[in-house]
Every structure is written in structure tokens, then in C-alpha cells.
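Peer 1: Take this structure first; my questions come after.
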Amino acid sequence: MAFTSHIFLFYFLPLVLLIYYLIPKGRNQFLLAAGYVFYAWFQPWFAFLLLAATVIGYAGGTAITRSADENRKHKVFIAALCANLALLGFFKYFTFLQTNLYSLLGLCGFHPGPVWDIPLPVGISFFTFLSISYLVSMYIGDAPPARSFSDFACYISLFPMVTAGPITRYPLIAEALRSREHTIDKFASGAALFILGFAKKILLADPMGTVANAVFGAEAPGTIDAWFGLLAYAFQIYFDFAGYSEMAVGLGRMVGFELIRNFNAPYRADSITDFWRRWHISLSTMLRDYVYVPLIAVGRNRSTKYIIYRNLILTFLICGLWHGAAWTFILWGGYHGLFLAFEQWRGKKGRYARLSRPVKIGLTFVAILLSWVLFRSPTLGDAGRYYLTLFGGHGASGGSILLAGIIYTQGNFLLMALCAALVFQPYQAFEWAERITPWKAVWLIALFAFSILGMFAQTYSPFLYSQF
């Protein structure tokens, strides 16, 4: 079930909110049931995987907290961690590994059988990371254990974040699972964030996605087309995922939870390092704390600057692999890792550091744009051809006549300008939605109504990050 479907908007959400506020007790149990209905709507058998990750996390966490033996505690933690990663690895990476292995065997003259086509459950990367965050919290003791299995299961299956985050780690939500505050101001702020995120998805991300799909799917786009389509994709992926995250945080506030803020004007970053402080914050901080820092700790006796650079690159190779089982994602992660290592090496020295902030923002945005080619392309060959087109090495240097009537319309130019104005200004939805005045409420109602009309005028368009 998607947030931008009529079933969610007109049936699921109103019914959940109505029952939630009518019942005085058992709200976590009710949200647990609602979360499973929401998640199973995509595919009923997916719910068993969600339950498996929940059982692994809860059983492992319970065994860790009850053990007085540090050695046994460590073994239980490693076993539960591996079980979660095995669940994720089988459904997300088995087909990818099998395909590459069979390709290597084919080069050696062997001809293995057919590749298993294993379906990718929606949001598996997100809910397995939630389970892992609980295990880590129980192991290092930075949060109290869940009061019951149902409370923990509520956390894992919480419908605002189960399919695409934000990955709100257990310590940030542990207290709210026990007791949380419900106020009109908090509900209003949540509703405002939900509407703003909904509008970003419907009115900005989806139209930009139409432009990007037309260009990336064209047989012979020109150089101008390629840059226009790439810019459209940069706006699409930002407004799609930031819109989802704002909707998720808004829904969380409406039922008393404060989920982590996932975006903070990322295209205003003046370096790739700054970009990753602003983009997908819940994932970047988790990778920092659960991958990069442990790697540094392992090599603490020889943490030379070169080992630090290697660990940065390795962390972002893992980041790329987390996003998808494809070489394009791995190279995308390596691209960012190399940039981060380079910026770490240069520090505050050099000509770049002396440039004005607007110039640094512009250069960083171009670097990010180029990385999105790898993220968007189905194969490395497609990415290579697109890069050639961008720099005039493949196809016409101008625009394609076939694409002109599809992408170069007055409406698209206006939307592109609006997207640019929104991403490059500092005042974000979170600040705007902190306090809702009567005039803001009127404006939000009008925006929501207009967005709903846009939703009915479009074909179904799932959130991009739900595939991860």
C-alpha cells in the first residue's frame, strides 16, 4: 500500500487514526496490526519476512540483555546479526551473485543451469536495519529493552517507516514505545509535513520522472537532452524520497512518534562530505556508526591516513550495495567514497576551499548530477553510453526532435524552475511546519486538494526508494 494511493488516503489512514484515538489502551498493539496490514498489502507472504526479522531481533536482543557472560553475549550478537544479514542477503543479493558466478563459469566453458529469479520484498533493507539497530543497542546498552514482543514488533512494522524509512534507530524511539505525548500542535505539524511531502511526490517528483524516463529511455538523445533529463532525474529522486520521508515523519507525529529527519537541503551542500550530512541522513549516520567507526576501531593501532581513506571508500561501496544488487550501484557508492577520501585528504587546503560558497555549491551539484547517471542506469553499458552523450561523444550534440515535443514544454520548464528554486533555498518544510497558523492551514488544504486531483490524473507511480 503506497502513501499516494486512494486506498491509503481515504480508507486506511482515516480508519487507523480514528481507531487509534478512540482506544485508551493497546495502541502499540493496534499499530502493530495496522503495520502488518499495510505491509502485507504489497504481497501477503512478505509479512512472514517482516515477522522473521522481528523474531531475530527480539530473540537476539533478549538473549543479549539476559546474559552476564560477555563472551556469550558477543556470540549471540554476532549470530543474530548474521541471521539478519543472511535474510537480507538471500532475497536481495542471491540472484546478483548467482548471475555473476554463472557469467564467470561461462567464460571458463561451463554452462550452469538457469538463474533463480528471487523477488525482492518491499523495504527489506529498511526493516532488517531496524532489527540490527535494536541488536546493537542491546549489545552496547544505550537503550532499555522493549517491554514486550508486541512493542518491539510495533517498532519494526510501524507503517510510516517500514517500507522506505527513515531508519529511526531504536534508542531514538524506545521511550515513545513506552509512553508518548499527543497534542493538537504535534498532530497539526505532522499533518502539514504529510501534505507537503505528498505534494512534492505528486506535483514535482512524478512530472520530473516522466521527463527523466523519456530521456533515459530514448534510443538517441542529444547532449542537451541528456543534461535536461539528468537534471530532471536529480529533482525526481530528491522530491520523491524527501517527499516520502516528510510524509513518514508527519504520519509518525500524528500517532505520537518522532522519526528522524532524513533530508536537510542536500543540493545546497558545498562538498560531497557536506552532501552526505544532508542526504538520507538516517542511512549515512548508520553507516558511519555501524561500518566506518568499527573499521577505524579494528585498525586503531595503525590508523594511518591511507587506512582512513580506504575505510571511507569501503563504507560507501557497502552503501552502494545496500541500495541495489547491481554493479551500477556499487560504482555509484565507490564514486562517492573516492570523493569523500579526496576531500578528507585535501582538508581545508587548496584552491577549492578558497572559492565562494555559491561556486562550491554549483561544482558539488554537478558532481552529484554525474553520480546519478550510475544510480539511474540499468547497466554499466547504459551508464557509459549516457556519459558519452553528456559530453558529446555519442549521438547529436544538440537536442533530439523526437524528444522535443515531450520534454521541452512550457509546463516542464516552469516545473524545472520551481524545483530549482525549492532545492537551492534554505527554508525547508520542517521549519515551515513547526507552527501551523490559520493561513497556513488554508493554504495546506488547497495544496492537498490540488495534489489529490493530480494523483487521480496520473498512473500509479511507486516511491523510488521502496525498491531498496
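Peer 1: What's the magnitude of the charge dipole for the stretch 340-468 around its Cα centre, counting Lys and Arg as +1 and Asp and Glu as -1 at the beta-carbon? Answer in Debye, nearest 20.
Peer 2: Details: 11 positive and 4 negative charges, 140 e Å.
About 680 debye.
Peer 1: With charges set only on the Cβ (+1 for Lys and Arg, -1 for Asp and Glu), what does the dipole of the stretch 6-180 come to about its Cα centre, in debye to the nearest 20?
Peer 2: Around 380 debye, computed over the stretch 6-180.
Peer 1: Take 343, 175 and order them by how many other Cβ atoms sit within 10 Å, fewest up front.
Peer 2: 175, 343
Peer 1: Rg to Rh for the stretch 6-180: what is it, with Cα atoms only and Rh by Kirkwood? Please report the intermediate quantities before stating the final value.
Peer 2: Numbers: Rg = 19.0 Å, Rh = 17.8 Å.
Rounded to two decimals, Rg over Rh is 1.07.
Peer 1: Mark the label point 7 Å from the Cα of residue 116 along Cα→Cβ and return the residues of the stretch 38-62 whose backbone N is within less than 17 Å of it.
Peer 2: Under 17 Å, as judged by backbone N against the label point of residue 116, lie 46, 49 of the stretch 38-62.
Peer 1: Answer with a single label: of [x] 66, 54, 43; [y] 66, 62, 54; [z] 65, 62, 39, which was calculated as Cα extents along the principal axes in Å from the structure in view?
Peer 2: [y]
Peer 1: I would also like to ask the following. If you place +1 on the Cβ of every Lys and Arg, -1 on the Cβ of every Asp and Glu, and leave all else neutral, what size is the dipole of the stretch 186-467 about its Cα centre, to the nearest 20 Debye?
Peer 2: Once rounded to the nearest 20, the dipole reads 1220 debye.
Peer 1: Can I ask one more? Among the lysines, select those whose C-alpha is under 28 Å from the C-alpha of residue 305, and discard any that sit fewer than 8 residues away in the same chain.
Peer 2: 348, 349, 360
Peer 1: Using Cα centres only, tell me the gap between the stretch 330-367 and the stretch 418-464 in whole Å.
Peer 2: 31 Å
Peer 1: Hey, got a sec? Which chymotrypsin sites (Phe, Trp or Tyr not before Pro) in the stretch 1-47 land in a DSSP loop and have at most 14 other Cβ atoms within 10 Å?
Peer 2: The qualifying sites are 45.
Peer 1: On to the next question. May I ask you to order 159-172, 131-144 by the average number of other C-beta atoms within 10 Å around their residues, highest value first?
Peer 2: The densest-packed peptide leads the list: 159-172, 131-144.
Peer 1: OK, next. Using packing as a proxy for protection, rank 108-115, 226-233, 334-341, 85-92 so that the peptide with the highest average count of other Cβ atoms within 10 Å comes first. Spell out each step's value before the answer.
Peer 2: Numbers: 108-115: 8.5, 226-233: 22.9, 334-341: 20.6, 85-92: 16.6.
Top to bottom by mean Cβ count within 10 Å: 226-233, 334-341, 85-92, 108-115.
Peer 1: Provide 292, 93 in ascending order of the number of other Cβ atoms located within 10 Å of each residue's Cβ, fewest first.
Peer 2: Sorted ascending by nearby Cβ count, the order is 93, 292.
Peer 1: Okay, moving on. Between residue 453 and residue 78, what length in nm is gained on full extension when 0.36 nm per residue of separation is reduced by their alpha carbon distance?
Peer 2: Extending this stretch completely gives an extra 130.0 nm.
Peer 1: For the stretch 312-370, which trypsin sites (Lys or Arg not before Pro) are both in a DSSP coil and crowded by at most 13 other Cβ atoms within 10 Å?
Peer 2: 348, 349
Peer 1: Pull up the cross-link candidates among the aspartates and glutamates for residue 200, meaning alpha carbon to alpha carbon under 20 Å and not fewer than 8 places away within one chain.
Peer 2: Reachable aspartates and glutamates: 240, 246, 431, 434.
Peer 1: Now for a separate question. Going through the DSSP H helices of the chain, which span 18 Å or more along their own axis at the Cα atoms while scoring at least -0.5 as a mean Kyte-Doolittle hydropathy?
Peer 2: Length and hydropathy pass: 27-40, 46-66, 70-107, 124-140, 184-199, 223-254, 305-323, 327-346, 357-376, 410-423, 438-457.
Peer 1: Let me ask something additional. Roughly what would the spin-label model give for residue 51 and residue 388, points 7 Å off Cα along C-beta, in nm?
Peer 2: 5.2 nm
Peer 1: Arranged by the count of other C-beta atoms within 10 angstrom, fewest first, what order do 366, 37 take? Write down the numbers at each step before the final one.
Peer 2: Values: 366 10, 37 15.
Going from sparsest to densest Cβ surroundings: 366, 37.
Peer 1: Over the C-alpha atoms of the stretch 299-385, what are the Rg and the largest Cα-to-Cα span, Dmax, in Å?
Peer 2: Considering the stretch 299-385 through its Cα atoms, Rg and Dmax are 14.9, 45 Å.
Peer 1: Taking +1 at the Cβ of each Lys and Arg and -1 at the Cβ of each Asp and Glu, which of 285, 345, 236 sits farthest along the dipole of the chain towards its positive end, judged by Cα position relative to the Cα centre?
Peer 2: Ranked along the dipole, the leading option is 345.
Peer 1: Let me have the 222 nm mean residue ellipticity of the chain computed from DSSP H runs of 4+ only, each contributing -39500 (n - 2.57), with the sum over all residues rounded to the nearest 500.
Peer 2: Dividing the helical sum by the residues of the chain leaves -22000 deg cm²/dmol.
Every number in this text was worked out from the coordinates using simple rules, so none of it is lab data. Model, not experiment: these values are computed from the prediction. Cβ: placed from backbone, ideal geometry, glycine included. Neighbour counts: every protein chain shown.
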